[in-house]
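Colleague: Right, I'll just put the structure down here and ask away after.
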Amino acid sequence: MTQTWPADWFERKAGVGCHICTQGRPAETAGGVRFYSGEFADAYLRKRAHLPGQSMVIWRGRHASDLIDLSEEEAAGYMSDLRMSARLLAAVFEPCQINYLTFGNSVPHIHTYVVPRYLDDPNPGAPLLPLVETEIDDTELQQQLEALERAAG
Ligand SMILES: [Zn+2]
């Protein structure tokens, strides 16, 4: 067998050099601005997105690369925060469906892309892949964040 995944893959899965663990819980990352912070996860509105409201929810407990590595309580907590983030996105962006993508193929620390889908989006009835991300105008991003804050009450 010729291994196609990185030679240090299992070390990375174990948390060696995990940049998500070392970043703590910042209000803003290179990729997004936080709009929800729960006990188990933070949700960030992406600065670059395919369609409005595309976000990333990041597990904020100990390093874990896969949902099966969490205890039942941790997994339920993550799901609860994921659902709360999605409720806020639904209230603001009014999608017709929401997709949840938990890959971890490049950064093996649990995180989930939350992708609102719209009645006029380019791939109805199927995944919106690849996730082509384009820069969101700063003013528009700020307006979206303010709308999410209002939705959170
Ligand atoms: Zn980690």
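Every number here is computed from the coordinates shown, using simple stated rules; none is lab data. Note that the structure is predicted; figures quoted are calculated from it, not measured. All Cβ positions, even for glycine, are placed from backbone atoms using ideal geometry, and neighbour counts span all protein chains on display.
Colleague: In nm, give the distance between the simple-model label positions of F103 and E73, each being 7 Å from the Cα along the Cα-to-Cβ direction.
Modeller: Each label point lies 7 Å from its Cα, and together they span 3.3 nm.
Colleague: Okay, next question. Could you estimate the translational diffusion coefficient of region 99-153 from the Stokes-Einstein equation, with Rh from the Kirkwood formula over C-alpha pairs, at 25 °C and 0.890 mPa s, in whole µm²/s?
Modeller: Answer from the Stokes-Einstein relation: 178 µm²/s.
Colleague: Further, regarding this structure: So what is the 222 nm mean residue ellipticity for the chain from helices alone, if each DSSP H run of at least 4 adds -39500 (n - 2.57) and you divide by all residues, rounding to the nearest 500 deg cm²/dmol?
Modeller: -9000 deg cm²/dmol
Colleague: Could you give the dipole magnitude of region 5-81 about its Cα centre, charging the beta-carbon of Lys and Arg +1 and that of Asp and Glu -1, in debye to the nearest 20?
Modeller: 480
Colleague: With angles folded into 0 to 90 degrees, how steeply does helix 72-93 sit against the dominant principal axis of the chain? Use alpha carbons for both and round to 10.
Modeller: 30
Colleague: Out of L70, Q144, Y36, whose Cα points farthest toward the positive end of the dipole of the chain (charges: +1 Lys, Arg; -1 Asp, Glu; placed on Cβ)?
Modeller: Highest projection toward the positive end goes to L70.
Colleague: Give me Rg over Rh for the chain, both radii from the alpha carbons and Rh done the Kirkwood way, two decimal places.
Modeller: Reported Rg/Rh (Cα atoms, Kirkwood Rh): 0.98.
Colleague: Separate question: Does anything in region 43-58 have its amide N under 11 Å from the 7 Å Cα→Cβ label point of A91, and if so which residues?
Modeller: So the set is empty, nothing qualifies.
Colleague: Sticking with this one: Quick check for me: using +1 on Lys/Arg Cβ and -1 on Asp/Glu Cβ, what's the dipole size of the chain about its Cα centre, in debye to the nearest 20?
Modeller: In total the dipole reaches around 160 debye.
Colleague: Enumerate the calculated ³J(HN,Hα) couplings along region 43-49 in order (Karplus 6.51 cos²θ - 1.76 cosθ + 1.60, θ = phi - 60°), each rounded to whole Hz, writing x wherever the residue is Gly or Pro.
Modeller: After applying 6.51 cos²θ - 1.76 cosθ + 1.60, I find 10, 10, 6, 6, 6, 10, 8 Hz.
Colleague: Roughly speaking, what is the centre-to-centre gap between region 1-79 and region 95-148 when only Cα atoms are used, to the nearest Å?
Modeller: Here the two parts' Cα centres lie 15 Å apart.
Colleague: Below 8 Å between Cα atoms, with a sequence gap of 6+, how large is the relative contact order for region 1-93 in percent?
Modeller: 24
Colleague: Pairing rule first: another cysteine's C-beta must sit under 4.7 Å. Under that rule, which cysteines of the chain stay single?
Modeller: Cys with no partner Cβ under 4.7 Å: C96.
Colleague: Related question: What does the charge count near D42 come to, summing +1 for each Lys or Arg and -1 for each Asp or Glu among other residues with Cβ under 9 Å from its Cβ?
Modeller: +2
Colleague: Continuing with the same structure: So what does log10 I(q)/I(0) come out to for region 1-70 at q = 0.14 Å⁻¹, using the Debye formula with one equal point on every Cα and no solvent?
Modeller: Taking Cα atoms of region 1-70 as identical point scatterers yields -0.54.
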